[in-house]
Amino acid sequence: MSFELKPEIKTSLEKIRFVDRYKEMSNRFNSNPDDSFENYEIDTVIEIIKNLGYDVSFDKKENFLKVGVIDNSPNYKIWFNIVLEYGITEFIWVVYHNNEVRLGSPWSVYSRLLIDPSERITAPIFRNYKELVEILKGAFVMYEDFKIELINLYSEQ
């Protein structure tokens, strides 16, 4: 890999046991992609996310959901992008600190940078809305833990 995680990002991911938790989620929701839920309704997904307590917007052009924006500009901005394609979840945390991008890659990249570039953790796959809700709940808990660790580090600076 041609880049490394920024020190505060790496520290935060390690503190929340990101790799272990992502592996657990991947293993729990590792259905055959042929059985995935491809025909979900984006409006239903938006409603699910709102019911889980998050503001959400949908970027129709880029086909992703933007969730849980924390804007403490100019110090930091943090949010969670979610791509749901063919029943496969792709999660991306985005972090800006002092107007500099500090993070913006998919979760699959974080694990490779933390442990082994050759190790691949497959994205969780959902077959129905119930599974999607469970995946999102787990992802949001991880996001909250990550934000707490990162904001604490940025507050110390």
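At-a-glance table
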item	result
Cα centroid separation, the range 66-93 to the range 123-148 (Å)	12
Rel. contact order, % - alpha carbon contacts under 8 angstrom, at least six apart, the range 1-76	12
Residue-averaged 222 nm ellipticity for the chain, from DSSP H runs of 4+ at -39500 (n - 2.57), nearest 500	-13500 deg cm²/dmol
Net charge of neighbours whose Cβ lies under 12 Å from the Cβ of ASP35, counting Lys and Arg as +1 and Asp and Glu as -1	-2
Relative contact order (%) - the chain, alpha-carbon pairs under 8 angstrom, separation at least six	28
Solvent-accessible area per residue for the range 1-90 (1.4 angstrom probe, square angstrom)	61
Inter-probe distance in nm under a simple model that places probes 7 Å from Cα toward Cβ, at ARG112 and THR11	2.6
Chymotrypsin sites (Phe, Trp or Tyr not before Pro) within the range 3-56, DSSP loop, no more than 10 other Cβ atoms inside 10 Å	PHE3
Sum of side-chain charges, PRO7 neighbourhood, beta-carbon under 15 Å (Lys, Arg +1; Asp, Glu -1)	-2
Accessible-area composition of the range 63-157, carbon plus sulfur, in percent [1.4 Å probe]	49
The range 1-73: trypsin sites (Lys or Arg not before Pro) in DSSP loop, at most 13 other beta carbons within 10 Å	ARG17, LYS60, LYS61
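The values are calculated or read from the model by the stated rules, or taken from the named source; none is laboratory data. These figures come from a predicted structure and were not determined experimentally. Please note: Cβ atoms are built from the backbone with ideal geometry, for glycine as well, and neighbour counts cover all protein chains shown. In case anyone asks, the SASA skips ligands and DNA or RNA and just uses the protein heavy atoms, side chains included. Shrake-Rupley method; radii C 1.70, N 1.55, O 1.52, S 1.80 Å.
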